[in-house]
Amino acid sequence: MTEIFLFGTLCHAPLRHAVAGGELPARPAVLPGCAVAQVRGASWPVLVDCAGAQAEGLVIEACGEALARLDFYEACFGYVRQPVTVEIDGQARRVEVWRPEAAGAAGAVLPGGRWSLEDWARDWGDLSRIAAAEVMAQRAGGATAAEVGQRYWMICARAQSQISAGAWQRPALAGANPGRDAVELVERRQPYTKFFTVEELAIRHRQFDGTLSGVQERAVFRVADAVTVLPYDPRRDRILLVEQIRLGAFAHGDAHPWLLEPVAGMIDAGETPEAAARRETVEEAGLTLGELHHVGRYYPSPGGIAQVMISYVGIADLPDEVTGLGGHAGEGEDILSHVVEWETACAMLKGGDMANAPLILSFQWLVMNRDRLRASG
């Protein structure tokens, strides 16, 4: 049996259960000479040396598969077990603690940033628990800790998408609108887990005539929620579009797989859709947006893609010189932006040059609201 001191997110029982695969014996403990501090720009904490302080936490007992799962989870973030001496009921005890393997790997500490488990659990607890379940599923599928660590931000983004979908309440002005309790999940498999995931689901559901369906097997492509932004200059009456290669179009056999689109990107964990829209517009087009106008929140293809898109029209200043190359270098984006005059944009919509669903939806919204935006701009 291995005793390990926990000081951070794993002190949250639901997350610890999801990672370890069950309950573990735990006792309160303190680590003298250390403090638990907030990492700058992150939700998690780090241990820092601090004379006269003591870090409060728990000592757990783990072995076998539970210990292997915990070690894997911590290795995703570059943490390994190291020996420390804690106090349990006033008695010194030699245990281990997960700390960064490489110096400086934990990130810079936020000055004066005392980390709060209660605050973290409120803002990040559910998301981290859902993300941990996918981390363990990827481990079971043969992924290495290093591979999962590289994907963890996307895993968290998918977890946030799941939470957002559960909280999303549509008006239900029409339709029978059955709830999730009308669906029985018979089996879930995850044959592909990388940047995106594919899930194979076997389900039964209550039918509209009241009977239970047979078992249906379907594959679902899971992607984190995303935003799109169509920049519009009401004074010059023009829009901005970005052009980039799209592998979906290439795989589908499209003769011209470079598509013209609105700005688009994933919503990061802990990020609002509005903040994601503004961030992506800076990254892809170098633009700072003014007012954002909500176009819609929708599933682009709910029969097989688990993703919600949130589209906006963003007010922007679009002189001729605003066009050029853009994109996030770390994500391999190669983007060319174009300013398109209103008459040309209308011809593109009519002629089929607008081959991207969010662009069509957003431009149609703009057609309906153009006069109002020009009058107020």
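State the number of residues belonging to the range 220-244 that are β-branched (Val, Ile, Thr), under 22 Å from Thr344 (Cα atoms) and out of contact with any Lys or Arg (no Cβ under 9 Å at 6 or more places or on another chain).
Applying the first criterion (β-branched (Val, Ile, Thr)) to the range 220-244 yields 220, 223, 227-229, 239, 242.
Next cut, under 22 Å from Thr344 (Cα atoms) only: 228-229, 239, 242.
Checking which are out of contact with any Lys or Arg (no Cβ under 9 Å at 6 or more places or on another chain) leaves us with 228, 239, 242.
Result for the range 220-244: 3.
Figure legend. Inter-residue proximity from the range 171-195: first residues free of Cβ contacts under 8 Å to residues at least 12 places away in the same chain and part of a loop (DSSP other than H, G, I, E, B), second residues charged (D, E, K, R) and open to solvent by 80 Å² or more (accessible area, probe 1.4 Å), beta-carbon distance below 9 Å, spacing 6+ or different chains. Indicated pairs: Asn177/Arg170.
Screening the candidates Asp268, Asp233, Asp237 for the property of being surrounded by 15 or more Cβ atoms within 10 Å (Cβ to Cβ) and on the phi > 0 side of the Ramachandran plot yields one hit, Asp237. Look at Ala145 and say whether it is open to solvent by 10 Å² or more (accessible area, probe 1.4 Å) and over 29 Å from the mean Cα position of the chain (by Cα). Judged against the criteria, Ala145 is not a match. For the range 1-27, filtered to residues that are farther than 20 Å from Gly125 by Cα and part of a strand (DSSP E or B), the residue that is least open to solvent (accessible area, probe 1.4 Å) is Ile4. Return yes or no: is Glu217 assigned to a strand (DSSP E or B), open to solvent by 70 Å² or more (accessible area, probe 1.4 Å) and under 29 Å from Glu134 (Cβ atoms)? Yes: the conditions hold for Glu217. Among the residues of the range 187-228, the ones that are of a type in the set (S, T, N, Q), within 30 Å of Gly248 (Cα to Cα) and out of contact with any Asp or Glu (no Cβ under 9 Å at 6 or more places or on another chain) come to 1 in all.
One residue stands out in the range 327-349 among those that are of a type in the set (A, V, I, L, M) and open to solvent by 20 Å² or more (accessible area, probe 1.4 Å): the one that is modelled with the lowest pLDDT, namely Ala329. If you go through the range 52-88 and pick out every residue that is in a strand (DSSP E or B) and either open to solvent by less than 20 Å² (accessible area, probe 1.4 Å) or farther than 13 Å from Glu101 by Cα (or both), you end up with 16. Gly352: at pLDDT below 95 and in contact with a helix residue (DSSP H, G or I) (Cβ under 6 Å, 6 or more places away or on another chain), yes or no? So Gly352 does not fit the description; no. Cβ separations smaller than 9 Å between residues 6+ apart or across chains give no pair from the range 13-31 residues that are among the hydroxyl-bearing types (Ser, Thr, Tyr) to residues that are open to solvent by less than 60 Å² (accessible area, probe 1.4 Å). Checking Ala165, Ala157 one by one, the residue that is under 19 Å from Met266 (Cα atoms), buried (at least 18 other Cβ atoms within 10 Å of the Cβ) and not charged (D, E, K, R) is Ala157 and no other.
Residue-wise test of (1) buried (at least 20 other Cβ atoms within 10 Å of the Cβ); (2) modelled with pLDDT under 95.
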{"position": "Val295", "(1), (2)": "yes, no"}
{"position": "Met309", "(1), (2)": "yes, no"}
{"position": "Leu325", "(1), (2)": "no, yes"}
{"position": "Gln364", "(1), (2)": "no, no"}
{"position": "Met368", "(1), (2)": "no, no"}
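The values are calculated or read from the model by the stated rules, or taken from the named source; none is laboratory data. Note that the structure is a prediction, hence the values are computed from the model and not measured. Neighbour counts run over all protein chains shown; Cβ positions are idealised from the backbone, glycine included. Accessible surface areas use protein heavy atoms only, side chains included; no ligands, DNA or RNA. Shrake-Rupley method; radii C 1.70, N 1.55, O 1.52, S 1.80 Å.
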